[in-house]
Every structure is written in structure tokens, then in C-alpha cells.
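Shown next, in C-alpha cells, is the structure this report addresses.
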Amino acid sequence: MFTSSSTRVDWMDVLRGLAIILVILFHCVGLAGFYADHPFNRLETVGVIITPLRMPIIFILSGLLVTRSLAKGPWTYLSGKVRRVLYPYLLWAIIMFWIAAQWYENFGYHPEPDFWLIFIRPGDHLWFLAYLFVYYLLALATRRIPPLVVVFALIMAGAFLSTGEGPRFFSNAAAFFIGVTLGPHLPTLAAFIRRRWTSIFLLGAAIALSAAGTLGIARLSIAVWQMPLYVAGFLGAAGCVAIFASARWCAFLRYIGRRTIRLYVLHVPFTMFPLAYLRFVGDTE
């Protein structure tokens with residue numbers, strides 16, 4: 001149940017694969033509703049409820065491997081993050097800008113794009129790669145500081161900077177550093193998630209609390225509740241996934257989990273622009 005393929009850990013790959021599938025489904029529902037002028041409110045509500053099982057899990061999983069990466073030395077660590085995170089971000093930011101510019105020039109359908117924004121305010125779905133690279137840099141800069149201290153500082157920063165990009169940036173940064181905190185204790189983590197009923201309880205509790213906040217049943221403070229929700233969702237989902245992660249039928253999910261960045265980068269242009277084109281054609285007929 002907890003075996004690994006080569007140096008990969010199966011439950012981590014499957015969990016990452018499932019998380020990215022949830023992200024893609026959530027985006028597809030939102031894009032389809034936007035371009036069809038028919039929002040799928042119930043599906044979007046479900047997407048918000050399972051927020052603790054989407055991007056936070058991906059960031060926690062990314063943080064889990066930071067300690068191991070830092071052990072290779074700062075230069076190897078940094079060059080690896082530039083190659084695997086910064087390069088695809090810049091490449092696809094430029095591609096998305098070019099497509100948006102062509103779209104504006106030919107149809108005037110979207111606001112005129114500003115190239116320099118890709119360096120200061122990542123747009124669309126590419127914010128994930130930009131944030132992730134910044135988090136990796138922060139982990140390098142704070143490598144001599146206990147990561148739990150960094151988590152606390154990020155939660156406090158998110159509580160005070162509660163406008164604009166602040167909440168998303170700091171809450172995901174805190175999730176990433178929770179992963180950094182857990183990283184040196186992977187054997188203990190693996191032993192913990194073997195407790196099947198504990199995992200099921202944590203996953204259910206995370207979804208129930210998230211649903212209570214989303215549906216207005218309870219008012220949950222972002223600074224106080226987000227991190228416990230993220231941790232409970234991660235531990236619960238990890239334990240449930242670990243039951244079947246090494247099964248043969250999970251090979252496809254393991255494959256997706258190993259190629260998360262590629263799939264994440266590609267899914268929006270291959271859904272957004274065809275839908276936008278269909279709407280434009282419909283508007284001009």
C-alpha cells in the first residue's frame with residue numbers, strides 16, 4: 001500500500017493526480033458557464049466546497065520534497081526550479097500573451113493585453129507556477145529558519161493583507177510550508193495515514209467544515225480555519241488514497257501525478273480559447 005516506483009511515492013503521485021483533475025474540472029465548469037452565459041451554480045458550489053482538496057494539496061505535496069531538494073545544494077536546487085517551474089511559466093505566459101494579442105487584434109473580443117504584467121501579476125491559471133517559484137525561492141532564503149515559524153508568519157501576513165492577491169498568495173504559501181514542515185518526517189507521515197478510519201474522519205471533517213463555510217451555515221475566519229482545513233483535507237485524502245495508490249488500475253493517475261505542471265499549463269488554453277471562439281461565432285451570426 002505504501003510502496004513506491006523507483007524514487008517515486010505512489011500515494012503522493014496519485015493524490016497529486018486526483019487534485020489536478022479536480023482543478024481542471026472546476027476550471028472547465030467555470031469556463032463553460034462563463035462563455036455559455038449559463039453559470040452552473042450547483043457544480044461551482046461543489047467545486048468551492050472541495051477547495052481544501054485541490055490547490056492546497058498540490059502546494060503541500062510540493063513542499064514535502066523541498067528538504068530533499070535543498071540537500072543537493074543551493075545551486076542544484078535553484079537550477080532545478082528554474083528549469084521545471086520558471087521556464088514553463090515564462091514560456092506559456094508569452095504564448096498566452098501572443099494568443100490574447102491576436103485575439104484582440106482580430107476580434108477585439110478581450111481587453112488589450114499588457115506584456116509586462118507577466119512579470120508582476122501572473123494572469124489566468126499561470127499564477128500557480130509563478131507563486132510556486134516564489135515559494136521555492138522563499139524556502140531557499142529561509143532554510144535556516146524552522147518552517148513552522150514561517151507558516152505562522154505567513155498566516156499572520158494573510159490575516160492582515162486580506163485584499164487583492166494577498167489571501168490567495170499567503171494561504172497557499174502557508175500550505176506549501178506545511179509541506180516543508182512535514183517533509184523531514186515522511187516515515188512518520190506514512191505511518192499516520194495508515195490509520196484508515198482516522199483518515200476517513202479527517203477527510204469527512206474537512207469537507208463538512210468547508211461546506212459549512214461555503215453554504216453560510218458557519219462563518220469561518222480565513223486566518224484561523226484555512227490551515228486546519230488544508231491539513232485535515234491533505235491527511236485524510238492521503239490516507240484514503242494510499243489504500244489503492246499502488247494498484248495497477250491507478251497507473252493512469254500516477255502518470256498524471258508525475259506530469260502535473262504540463263497538464264495544468266495546457267488545460268486552460270485548450271478549453272478557454274475554443275469556447276471563446278464558439279461564443280464569438282455565435283454572437284456574430
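Structure data summary
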item: Selection count where residues are in contact (Cβ under 8 Å) with a residue 24 or more places away in the chain and either open to solvent by 20 Å² or more (accessible area, probe 1.4 Å) or farther than 13 Å from L137 by Cβ (or both), scope segment 64-81; result: 8
item: Hits in segment 244-285 (condition: among the β-branched types (V, I, T), modelled with pLDDT under 90, in a helix (DSSP H, G or I) and open to solvent by less than 60 Å² (accessible area, probe 1.4 Å)); result: T260, I261, V265, T271, V281
item: Residues (open to solvent by less than 30 Å² (accessible area, probe 1.4 Å) and modelled with pLDDT of 75 or more) located in segment 32-51; result: G47, I49
item: Residues of segment 128-173 that turn out to be of a type in the set (S, T, Y), touching a helix residue (DSSP H, G or I) at 6+ places or on another chain (Cβ under 8 Å) and modelled with pLDDT under 85, as a count; result: 1
item: Any hit, segment 120-127, residues being at pLDDT below 90, out of contact with any Gly (no Cβ under 8 Å at 6 or more places or on another chain), in a loop (DSSP other than H, G, I, E, B) and small (G, A, S); result: yes
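Conditions (1) crowded, with 19+ Cβ neighbours inside 10 Å; (2) more than 20 Å from A232 (Cα to Cα), marked per residue:
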site	(1), (2)
A130	yes, yes
L137	no, yes
R144	no, yes
L148	no, no
I155	yes, no
L161	no, yes
S171	yes, no
P187	no, no
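The values are calculated or read from the model by the stated rules, or taken from the named source; none is laboratory data. It should be emphasised that the depicted structure is a prediction, and the values quoted were computed from it without experimental measurement. Backbone-built Cβ (ideal geometry, glycine too); neighbour counts: all protein chains shown. We work out accessible area using only protein heavy atoms, side chains counted, and drop any ligands, DNA or RNA first. Shrake-Rupley method; radii C 1.70, N 1.55, O 1.52, S 1.80 Å.
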